[in-house]
There are 2 protein chains.
Amino acid sequence: MEWCLKILGSSSALPTDTRMLSSQLLTTHSHHFLFDCGEGTQFQLRRFGASIFKIDTIFISHLHGDHLFGLFGLLSSLHMYNRIKPLRIFGQKGIQAVVDMVLQTVNTKLDFSVEIIELQPSEFDVVFEDEELKVYTVPLRHSVVSSGFYVVQKPGKRNIRKEFVESHHIDFSWFPRIQNGEDYLNEEGQLFKNKDITKPPANPKTYAYISDTAYLPEIAKYLKGVDLLYHEATFAEEHQADARAKLHSTAKEAARIALSAQAKKLLIGHFSTRYSQVDKLVQEAKDIFQNTEAVFDGMDIKF
Amino acid sequence: MEWCLKILGSSSALPTDTRMLSSQLLTTHSHHFLFDCGEGTQFQLRRFGASIFKIDTIFISHLHGDHLFGLFGLLSSLHMYNRIKPLRIFGQKGIQAVVDMVLQTVNTKLDFSVEIIELQPSEFDVVFEDEELKVYTVPLRHSVVSSGFYVVQKPGKRNIRKEFVESHHIDFSWFPRIQNGEDYLNEEGQLFKNKDITKPPANPKTYAYISDTAYLPEIAKYLKGVDLLYHEATFAEEHQADARAKLHSTAKEAARIALSAQAKKLLIGHFSTRYSQVDKLVQEAKDIFQNTEAVFDGMDIKF
C-alpha cells in the first residue's frame, strides 16, 4: 500500500497569504501521523479533506509557537467531537506541562486519553514501534531543543509466486511458514527451496521529517537511502548568514543532506516569509540534488 | 468619525467551512479594539485586510479555547514583526498565568510591553477610560466566568454654527471656550448665549459585545439605547433546552435583550455548527426585534 504525505502548512514562523504554519500528515497502512501542529492545523486538515479524527499520533519537533500553537485547539475540537480513541503525542520536555496548563485554564477535561511522551532528544533512538513500522528521533540543532523524526517501515513477508500456488496443492497452514522464509516440503517428500518459490517483499518505505535545524551533516548517516526526505530550507544561499544566526538551513544545505544520505527524493519547505517565490531556493537545491521539490500547502506526495 | 466593527470569526466552539472562531475588531477614532481571539484570528485579520499592528487593546470575554487560543500566536507574530508599541489585554482571572506560561514554554520574551488586566467580572464597571471613550464590563452567566464589554463614546464638544463664525470676528482663544459651552462676550460687550450660536455634538456612539451567556434579562438595563448590540445566539428556539444546558442564548433571547435595551440594531452570531443556514435564527429574532442581522466572517458594520 502506498503511503501519502499531505503538507498542511509550509511557512516558517509567520503565516503568509499562501502558506500556513508547519504541519504535515503522513498516512501509512495503519497510521495517521501528524508532524508538528502550528496554529490553524485543524482548519488546514478540514480544508484539504483530511480527517482530524483519524490521527493517532502527533509528533512535535520542538516547542516553538509556529509548530505547537494548533495543538490546543485540535485537542479541544476532538474533545467537542466526542473522540474516544486514545491519542499519543511525542514532544520535547515541557510539552506535558503546557498542554495540561492550557487545558486546565479553559476548563477542559478531555474525554479521551492522551499519552504524552517527552523525548530524550540527544539520541538517534526508536521512540515508537509496532508491527508495521518504527519511528526514530533524529537529534537536530536549533535555538531550542529540536528533533527530527524518521519513519521506517518493517520488511514485509515474502510473496509466494502465483504460478507455484496455482500448480501445487499447498496446505493452508504452509502459507505463513513459506512467507516467513521456510522451504516447502510437500506430501510426497519433495523439497522446494524458499528462494525458488517466493519473491522478496517490496522495499520497506522510509520517510524523514527534518524540521527546524542548523545544517547538520552528521544526520545523513541515519537516513541512508531514505525514500522521501523533508528537510527545512528556511533561507536561500544569499541569506546564509541569517541561517547561521537563526540556526536554520539553506536550500543548498538541505540538498547536501539529501545527497549525502542518498535520498530518493527531497522536499524542502519552512520558507522564510521574505520569499514570495521559492524557485530560486529550489534551483539552488537542484544544483546539488536534482530530485528536489518545494512543498506547498495542500500538496500530496504518494510513495 | 464613523466607527467600524469587523467580524473576524462567527462560529461557536468549532470552526466550519465558512465560519471561524470568535473574534471582532472595533475601530474607533483612536482605538483598535479586538474582542476575543479564537484560533486563527491573526489569519482572519490578514484575510480581511485589517492590520494586526494597530490593535491597542484585546478584550477576552472568557477563558474558553474558541475565544482564547489565537492569542498566543498573535502575540508571537507581533513579537516577530518587531512590535514596540505596548499592548493591553483584559481577561478573566487566569489569563496572565496562561499567557506567561505558554510564552515561557516557547522561549519567547516579548520585546513590547503587555499589560494584562484581570477583570472583576461580577460588576458592571468601567475598566478602561480615556478622552474618547469608556469601556464597561457587563457581568454574564456562562459555564465559566464570562464578561461582556460595553463601549461608550464620550460626548463631543458643541459645534459653533458656521454662519455665526462667518459673520463675527471671533478671537481664536474663544473657540475652545464656546465649544465647551461658554457664552460668548464680544469686544463691544455684547453677550451671545451659547445655545444660540452652537449646535449640540453628535450623539455619543455605543457598542456592546455580549459574548457567551445564558439569557440574562437584567443586562438590558446597562445597555439602554445602545447603537449596536452584538449578542451571542448559539441556538434556534427548537434547541432551547441545549441553550439552557450549555448556558448559551437563543436568537429570540438575544432579540429580547435588544428590545428591552431599546437597541438601535442587533447583530447575532456565535452560531452552533449544527446550522448550515441561519435564516431561521434571524427570523426568530426579527419576530421580536426587527432590526436584526446575522454576522458573517468578513462583515463590516459602520455606525
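With a 10 Å cut-off around each Cβ of A:103-116, the average count of Cβ atoms from other chains is 3. Most tightly packed first, judged by the mean number of other beta-carbon atoms within 10 Å of their residues, the peptides B:289-299, A:259-269 read A:259-269, B:289-299. Using a 7 Å projection from Cα along Cα-to-Cβ, the label point at B:Arg88 is separated from the same position in the remaining copies by 5.0 nm, smallest value first.
Using a simple spin-label model with pseudo-atoms 7 Å out from Cα toward Cβ, A:Gln240 and A:Lys134 lie 3.6 nm apart. Tell me, how many Å apart are the Cα centres for the range B:274-301 and for the range A:53-126? Between the Cα centres of the range B:274-301 and the range A:53-126 lies a distance of 36 Å.
The separation of the range B:170-247 from the range A:241-260, counted between C-alpha centres, amounts to 58 Å.
If you average the sequence gap of Cα pairs under 8 Å that are 6 or more apart and divide by the length of chain B, what percent do you get for the contact order? Value for chain B: 17 percent.
Partner shielding of B:67-77 amounts to 5, given as the average count of beta-carbon atoms from other chains within 10 Å of each residue beta-carbon. Label-point distances for B:Gln283 to the equivalent site in the other copies, using a point 7 angstrom along Cα→C-beta, read 6.0 nm when ranked shortest first. The C-alpha atoms of the range B:159-199 occupy a region whose extents along the principal axes are 24, 19, 18 Å, arranged from largest to smallest.
Normalised by 2.2 N^0.38 Å, where N is the number of residues, the C-alpha radius of gyration of the range B:1-157 stands at 1.01.
Restricting the calculation to Cα atoms, every distinct pair contributes to the Kirkwood radius of the protein assembly as shown, found to be 27.5 Å. Beyond 25 Å, what percent of the Cα pairs of the range B:153-303 remain? The proportion of pairs with Cα distances above 25 Å equals 47 percent. With its label point put 7 Å out from Cα toward Cβ, B:Ile117 sits 4.8 nm from the same residue's point in the other copies, in order from shortest.
For A:Lys93, the lysines whose Cα falls under 25 Å of its own Cα, not counting residues fewer than eight places away in the same chain, are A:Lys85, A:Lys109, A:Lys134, A:Lys246, B:Lys109. Relative to the longest principal axis of the Cα atoms of chain B, helix B:95-105 runs at roughly 60 degrees.
Restricting attention to the protein assembly as shown, close to 55% of DSSP beta bridges with both partner residues there are antiparallel.
Listed by chain and number, the lysines placed with their C-alpha closer than 22 angstrom to that of B:Lys199 are B:Lys154, B:Lys157, B:Lys162; residues fewer than eight positions away on the same chain are left out. Modelled this way, with points 7 Å down the Cα-to-C-beta line, the labels at A:Lys85 and B:Asn180 are 7.0 nm from one another. Sequence-ordered 3J(HN,Hα) estimates for the range A:142-147 from the Karplus curve with 6.51, -1.76 and 1.60 and θ = phi - 60° stand at 9, 5, 10, 4, 9, 10 Hz, glycine and proline given as x.
Using 0.36 nm per residue, how much length does the chain from B:Asp279 to B:Phe296 gain when fully extended, once their Cα-Cα distance is taken away? Answer, rounded to one decimal: 4.9 nm.
Rounded to the nearest Hz, the phi-derived 3J(HN,Hα) couplings of the range A:220-233 under the Karplus curve 6.51 cos²θ - 1.76 cosθ + 1.60 (θ = phi - 60°) are 4, 5, 7, 10, 3, x, 4, 5, 9, 10, 9, 10, 4, 8, where x marks glycine and proline. Taking 0.36 nm per residue of separation and subtracting the current Cα-Cα distance, fully stretching the chain between B:Asp196 and B:Asp100 would add 28.9 nm.
With contacts defined as alpha carbon pairs under 8 Å and 6 or more residues apart, what's the relative contact order of the range B:159-199 in percent? Worked out over the range B:159-199, it gives 48 percent.
Which listed residue (B:Trp174, B:Phe192, B:Asn159) has the Cα farthest towards the positive end of the charge dipole for the range B:159-199, taking +1 on Lys and Arg C-beta and -1 on Asp and Glu C-beta about the Cα centre? Comparing the listed Cα positions along the dipole, B:Asn159 ranks first. Here the contact order of the range B:1-142, divided by its residue count and restricted to Cα pairs under 8 Å and six or more residues apart, works out to 16 percent. With a cut-off of 18 Å on the backbone N, no residue of the range A:40-72 is near the modelled label site 7 Å out from A:Ser122 along Cα-Cβ. Share of antiparallel DSSP beta bridges in chain B, in percent to the nearest 5? Of all bridge pairs located within chain B, approximately 55 percent are antiparallel. Counting neighbouring Cβ atoms within 10 Å and putting the fewest first, the residues A:Cys4, B:Cys37 line up as A:Cys4, B:Cys37.
No value in this document is a laboratory result; all are computed from the given coordinates. Computed from a prediction, not measured in an experiment: that's the story for all the values here. Neighbour counts are summed over all protein chains in view; Cβ atoms, including those assigned to glycine, are modelled from backbone coordinates with ideal geometry.
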